[in-house]
Amino acid sequence: QDIPVESHTDVLIIGAGPSGLMAAYWMARCGVKARVIDKRSTKVFVGHADGLRPRTLELFDSMGFQHRVMHEGSISTEANFWVPGESGKLARKGPFNISRVDESPYHNTRLNQGRIERFILDSIQEHSDLEVERDVIAESLKYDENLEKDPDSYPITVKLRNQGEEASNVPCGPSQSGSGITRNELKRHDLLPDDWDDQAQQSNRKSKVEIVKAKYLIGCDGAHSWTRKQLDIPVEGSNTDHIWGVIDVLPISDFPDIRRVSIVSNAAGTILIIPRERGLVRFYVPVHVCEASSTPRFDRSTIAPEVIRTRVQAILSPFTFDFQACSWWTVYQVGQRIASKFTKGDRIFLAGDAVHTHSPKMGLGMNMSMQDGFNVGWKIALAVAGTVKPEILATYNLERYPLAEMLLEFDRHWSPMFTDQKPPDEKDTKAAAMFDIAGKFEDFADGWKVFYPGSRLICKPGSEAVARYIVPGERLKPVKLRNQAEGGTKWTTRLLESDGRFRILVLAGDIRNPMQKGRLETLCQVLTGQLTSKQSPLDRYVSIPGCYDSPIDVVTVHSAPWKESEFFDFPEILRPFDPVRGWAYDKVWCDDSCIFDRYCDGTAYEKWGVDWVLGALVVVRPDQYIGWVGELGDVDEMTEYLDNILVRK
Ligand code: FAD
């Protein structure tokens, strides 16, 4: 009989998939006492999700590992559509015109989920000693609503069971289908060296039971979420399920677009082809359609890679298709479902597949899940740290729920295109309809537009006149800037690092203009607390304990030509001095072109819709979404906005 030990933690995260790891990142960055558990014995290594959207890549840049994705991933450019031409033979239509290539520095990229998990795990380790506890399953959950309002209380009690050695052979390949390889069967050549140690690690813990008391709980435990079920939160959604086969192979084929994203459709069916890293190509193949309401649940064990191979051959014919090497395959059955709410008492939060599921061929589930984890993670981390008011936690549901609804809306349009039985017609209306849908949802899918609504965190009214394209509730559009001190260039996605701090962006305008220089100096006197009896906003709020003395960082971007301005032209508060590190050379940036970097073209103010001379004042949240916008003189209004969020000293 196991005797349970009891312990306390500030945050418990159940599930170390993409959403759980993103939330865990913030705990590591903000020095929060947290536990992350997962019932699997290892991380994912091969297969699973593989599509990364530009916004997710921007977040990775702010977390410091985007370069690893660029190094290993495969970028998808145009997509093509193949339908029978006049001769009846498959002919290429397209490409789908990706018109907004300049919206983000990053483009749709393919890299398997296991590598993404690797990068986030490494980043977590870089900043803390937080580790995922594997082979640990959550077994019971109690929530004491009476304690909800006391921020120091532990209203959550979870019983955990360490599954010990007997669990070390949990399948880590195509676990959805339950049909594949176990950890010990994984081929070493499928793994990169930094994953190999992980794979070889054997669980050496003995089975034990533990009672964990937590202040906050984040349920990131996937589509069959145990946490959601404990809370009795219902899911709503469609009853019609499609059965898909997915296969990652090294293809042997004379199909010309085998290394390009393609949709191939003929009387035999429709498949999606996605080229991947390391020569792999993924095929999404509908293998069965059933009405869930009228048919017993489909027996997925009847589908094997052979069936998927034969289906691809039939649809690609007369082009040839075969493979010898298969890295991963699965068969899945997904509905379009959304939970009725994402939180319980602003103490328990659900993220990712736990609250929304849909078909994976839009390449969005992992992206949305990671963005959920990212959104809730910083809010909980800073609330636990005592830096922000717990009231901001209500914005998680407010911000993410409408996006989950939009995700399902997209899927409701997109998925049937692959499963309708109607063969493509001569006029190619199916291709046109697909391109139309993809175009309509592009902004949303790539994450360029999120439209977070007004709240404590998003101050909506009237900033258009100051900065037309810096819109509260949207992400800050990435631009490349020149560092004033050294002349080197950097994307704002990296510059505004995800370290837990809010950023005041001082868009200083053209400081060669004496009036403007005067305005900037006045702003700086207010920021140093010299001009008013009020405490400076930089000195007004409690720290992020153990990380930063102030939860606010100031970054300046001016519009004067780089060669006509100097680092020391700027007041000291904008380039603070540290006795050990010297001047903060990384705090003053210039919107000017740079001859050796064509992305740094001196158009930041134009892209942001800001007056070249007058500039603007902007507050960017820790997750790079815009919170507040005003003029350089609007410090009182800005402080009012911050007072609503941050805890005063
Ligand atoms: P999961 O990845 O499911 O992680 C949940 C974790 O919780 C698991 O590790 C599980 O072991 C753990 N867990 C569950 N219950 C418990 C418990 N009681 N105690 C402890 N631990 C528990 N998305 C994209 O964005 N792009 C794509 O290209 C894409 N392709 C896909 C292809 C396929 C074939 C599939 C099946 C999915 C694809 N997706 C894609 C979707 C994507 O995989 C999911 O949306 C994503 O993994 C969800 O992340 P998550 O962290 O919310 O959940």
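When nucleic acids and ligands are ignored and a 1.4 Å probe is applied, ARG92 ends up with an accessible area of around 110 Å².
About the Cα centre of the chain, how large is the charge dipole given +1 on each Lys and Arg Cβ and -1 on each Asp and Glu Cβ? Please answer in debye to the nearest 20.
The calculated dipole for the chain is roughly 740 debye.
Scoring 516-523, 505-512, 368-375, 264-271 by mean Cβ neighbours within 10 Å over their residues and listing the highest first yields 368-375, 505-512, 264-271, 516-523. Kirkwood hydrodynamic radius of region 484-564, from the reciprocal of the average inverse Cα-Cα distance over all distinct pairs: 14.6 Å.
A convex hull fitted to the Cα coordinates of region 524-647 yields 146 cubic angstrom per residue. In the complete set of protein chains, residue-level accessible area for LYS361 is approximately 10 Å², probe 1.4 angstrom. One decimal place: the segment LYS208-ILE3 gains 73.0 nm when fully extended, by the rule 0.36 nm per residue minus the C-alpha distance. Near the amide H of ALA49, within less than 5 Å, lie the amide hydrogens of GLN113, all on another chain or at least 5 residues away, with H placed in the peptide plane. Considering only alpha-carbon pairs that sit under 8 angstrom and 6 or more positions apart, the relative contact order computed for the chain is 16 percent. Shown is the FRET efficiency for GLU277 and TRP583, computed with R0 = 56 Å from the Cβ-Cβ distance and rounded to the nearest 0.05: 0.85.
What's the carbon and sulfur percent of the chain's accessible surface, probe 1.4 angstrom, rounded to a whole number? Summing carbon and sulfur atoms, their accessible area is 50 percent of the total for the chain.
What the Cβ-Cβ distance of LYS229 and THR302 gives, at R0 = 25 Å and to the nearest 0.05, is a FRET efficiency of 0.35. Full extension of the segment from ALA91 to ALA267, taken as 0.36 nm per residue of separation minus the current Cα-Cα distance, would add 62.0 nm. Residues of region 15-41 with an amide N closer than 14 Å to a point placed 7 Å from the Cα of GLU133 along the Cα-to-Cβ direction: 15-16, 33-40. Legend: residues TYR585, TYR401, sorted from most to least accessible area (1.4 Å probe; ligands, DNA and RNA excluded), read TYR585, TYR401.
How compact is region 280-419 by the rule of thumb for globular proteins, expressed as Cα Rg over 2.2 N^0.38 Å?
Computed over Cα atoms of region 280-419, the ratio equals 1.37.
In the context of the full protein assembly, SER559 retains an accessible surface of approximately 10 Å², using a probe radius of 1.4 Å and ignoring ligands and nucleic acids.
Which whole-number percent of Cα pairs in region 377-530 have a distance greater than 27 Å? The partial results should precede the final answer.
Details: 5756 of 11781 pairs.
Counting every Cα pair in region 377-530, those more than 27 Å apart make up 49 percent.
With both labels modelled 7 Å from their Cα along Cα-to-Cβ, the GLU564 to SER340 distance reads 6.3 nm.
Let me test this: with uniform point scatterers at the alpha carbons of region 214-367, what is the Debye-based log₁₀ I(q)/I(0) at q = 0.08, 0.13 1/Å? Treating every Cα as an identical point scatterer, log10 I(q)/I(0) equals -0.30, -0.70. Per residue, the accessible area of region 480-643 comes to 42 Å² when a 1.4 Å probe rolls over the protein heavy atoms. Ordering ASP38, ASP221 by accessible surface, largest first, gives ASP221, ASP38; the 1.4 Å probe counts only protein heavy atoms, with every chain in place. Amide H contacts under 5 Å for ILE13: ARG35, VAL36, ILE37, ILE218, restricted to partners 5 or more places along the chain or on a different chain, H placed in the peptide plane at 1.01 Å from N. When the chain is described by a simple charge dipole with +1 on each Lys and Arg Cβ and -1 on each Asp and Glu Cβ, the residue from SER593, THR270, GLY546 located farthest towards its positive end is THR270.
Would you kindly give the portion of the calculated P(r) for region 1-70 that falls above 19 Å, as a percent of all Cα pairs? The proportion of pairs with Cα distances above 19 Å equals 50 percent.
If each DSSP helix of 4+ residues adds -39,500 (n - 2.57) and the sum is divided by the residues in the chain, what number results at 222 nm, nearest 500 deg cm²/dmol? Computed mean residue ellipticity for the chain: -7500 deg cm²/dmol.
Compute the label zone of ARG468 within region 580-606: residues whose backbone N is under 20 Å from the point 7 Å along Cα-to-Cβ. Answer for this model: 591-592, 601-606. Extent along the principal axes, Cα only, for the chain: 76, 71, 43 Å, with the longest axis given first.
Solvent-accessible surface of protein heavy atoms, probed at 1.4 angstrom with all chains present, puts PHE81, PHE444 in the order PHE444, PHE81, largest first. Here the gap between GLU442 and GLU640, fully extended at 0.36 nm per residue and compared with their Cα-Cα distance, gives a gain of 67.7 nm. For region 1-144, the Kirkwood estimate of hydrodynamic radius, built from reciprocal distances between every pair of different alpha carbons, is 18.1 Å.
The values are calculated or read from the model by the stated rules, or taken from the named source; none is laboratory data. All values reported here derive from a predicted model rather than from experimental measurement. We place every Cβ from the backbone using ideal geometry, glycine too, and count neighbours over all the protein chains shown. Surface areas here come from the heavy atoms of the whole protein model, side chains and all, with no ligands, DNA or RNA. Shrake-Rupley method; radii C 1.70, N 1.55, O 1.52, S 1.80 Å.
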